[in-house]
Amino acid sequence: MDRAKWFNVHSWVGVQLSILLCFVLITGTLATVSHEIDWVTNKAMRVAPSSVTKINWQAIYVSATEQSQTKHLSVIKQPTEDWFAAEVIAYDTNKQRYRMFFHPTTGEYLGEGRWYNWQVFFRMTHRHLMLPVKYGVPIISICAFLLLTSLITSFVVYRHWWKGFLRWPRKQHRKLFWSDIHRLLGAWNIWFILVVSITGVWYLLEVLGVRASYPDRGQVVSQQAKDNRVMPSPDVFLKAMKTVDIEFPDLDIKTVRFPTRKNAPMIVQGQSTAILVRDRANLISFDPMTGEFLSKFRGEQLNLVARVTEAVDPLHFGTFAGLPSRILYFVFGVLLSTLAVSGTYMFAMKTSRISHRQVFSKRKVWKSALSKMGFGKWFSYISITICLLIAFGLFTGLITQ
């Protein structure tokens, strides 16, 4: 296949679903800093860093139990940064989740927030368009395949592509300028496209049936915990947290999860010596009625499929090194979104047959691009509209889960 045909493939995959692709890229970019967006919009999440020493899990638990409407908590989360409050997810009287925030050291109650916050919106929108996972993830995965195809074809279309790393955009005329912008952004985004597209394909494989197996989390032993959903008493909670220091001393605790059904243990998760794993890869469990130690496992004990599964989220969202890596992903997400827009703009200028010296209307250019998208345009419109309607319903309470 000659370069002209490769270019046609490159243009086609970059344009047909460009509206949906840009939507997915922009929401994914904002998802990397969505926790910070919530921090800005909800003052209950803010604490003075100078007032925080060591996190006091016991104080937070006792305070959360007192503040909870139903006394049924789901999880306690360690603050992601020194200026964040500790977060507790609980259930209200209608069995709907909501958030409470506490000072990490004193356990002082600071306020609450809704379950459907900016973080949930951007993550659910980016991952599965607010649709059921089995439908939404395959749609989003189309974008991953488009990105991979665009990347592969670009190596053929753009000769000496490696020179694009250092070529500053020329300004002789607009077509040349945008072509150089596209090459520059494409060259610097090669690694990022590979990471987000390959991990995006893995999400599809999970939906299609690739399942990781994990070690046993332990079975509760008390009859009360077998027959009912049990919340540990403050003394039992304290006993369990002290046992963590003995049985898993190098565990940096990130979350404490409580039973959401009968016959379920209390689980403590976090980070240890394994790299590129989610918090759930390092785990220790307890009977919620007695605080008896049940089981534990480390990230290093997971099999290959489980390790890959655990690495996908940190790599896709850039959470593997905390705030610095998420800022890096945000920057490259902006660049990748710009790359997608610039590619569509270049295609539109070419198909509208506008001379580089001709004065033209940008509206005419974009109208030309839309006319070439065909079915992809309507598929994008419908997908995004359904996503936003579901989001509106969830955030206004018209739809409940």
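The values are calculated or read from the model by the stated rules, or taken from the named source; none is laboratory data. All of these numbers come straight from a predicted model, not from anything done at the bench. Virtual Cβ from ideal backbone geometry, glycine too; neighbours counted across all protein chains shown.
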I'm told residue 270 meets every condition in (1) in a helix (DSSP H, G or I); (2) surrounded by 17 or more Cβ atoms within 10 Å (Cβ to Cβ) except one. Can you identify the failing condition by its number?
(1)
Could you check, for region 300-311, whether at least one of its residues is within 30 Å of residue 82 (Cβ to Cβ), within 29 Å of the chain's Cα centre (by Cα), at pLDDT 90 or above and buried (at least 20 other Cβ atoms within 10 Å of the Cβ)?
yes
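Do the conditions hold for residue 205, that is, is it surrounded by fewer than 19 Cβ atoms within 10 Å (Cβ to Cβ), at pLDDT 95 or above and in contact with a helix residue (DSSP H, G or I) (Cβ under 7 Å, 6 or more places away or on another chain)?
no
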Among the residues that make up region 150-164, is at least one of them within 24 Å of residue 30 (Cα to Cα) and touching a residue at least 40 places away in the same chain (Cβ under 8 Å)?
yes
Scanning region 321-343 residue by residue, those in a loop (DSSP other than H, G, I, E, B) and either outside the structural domain of residue 203 (by TED's automatic domain parsing) or free of Cβ contacts under 8 Å to residues at least 12 places away in the same chain (or both) turn out to be 321
Taking only pairs six or more apart or across chains, which ones have beta-carbon atoms under 9 Å, a first residue in region 69-80 that is in the same structural domain as residue 107 (by TED's automatic domain parsing) and without any contact (Cβ under 8 Å) to a residue 60 or more places away in the chain, and a second residue that is of a type in the set (Val, Ile, Thr) and crowded, with 16+ Cβ neighbours inside 10 Å?
79/47; 79/52; 79/55
Scan region 186-194 and give yes if some residue there is at pLDDT 95 or above and under 24 Å from residue 306 (Cβ atoms), otherwise no.
yes
With over 30 Å from residue 150 (Cβ atoms) and in contact (Cβ under 8 Å) with a residue 24 or more places away in the chain as the only criterion, which of 26, 55 stands out?
55
Residue among 20, 73 that is more than 21 Å from residue 254 (Cβ to Cβ), buried (at least 21 other Cβ atoms within 10 Å of the Cβ) and either at pLDDT 95 or above or among the hydrophobic types (A, V, I, L, M, F, W, C) (or both):
20
What residue, among those in region 233-283 that are touching a strand residue (DSSP E or B) at 6+ places or on another chain (Cβ under 8 Å) and of a type in the set (Asp, Glu), is farthest from residue 91 (Cα to Cα)?
247
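Quick check on region 212-221. Is at least one of its residues closer than 22 Å to residue 32 by Cβ, among the β-branched types (Val, Ile, Thr) and touching a residue at least 60 places away in the same chain (Cβ under 8 Å)? Break it down stepwise before answering.
Just the residues of region 212-221 that are closer than 22 Å to residue 32 by Cβ, to begin with: none.
No, region 212-221 contains no residue that is closer than 22 Å to residue 32 by Cβ, among the β-branched types (Val, Ile, Thr) and touching a residue at least 60 places away in the same chain (Cβ under 8 Å).
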Please enumerate the residues belonging to region 168-179 that are surrounded by fewer than 13 Cβ atoms within 10 Å (Cβ to Cβ) and either under 16 Å from residue 4 (Cα atoms) or touching a helix residue (DSSP H, G or I) at 6+ places or on another chain (Cβ under 6 Å) (or both).
170, 171
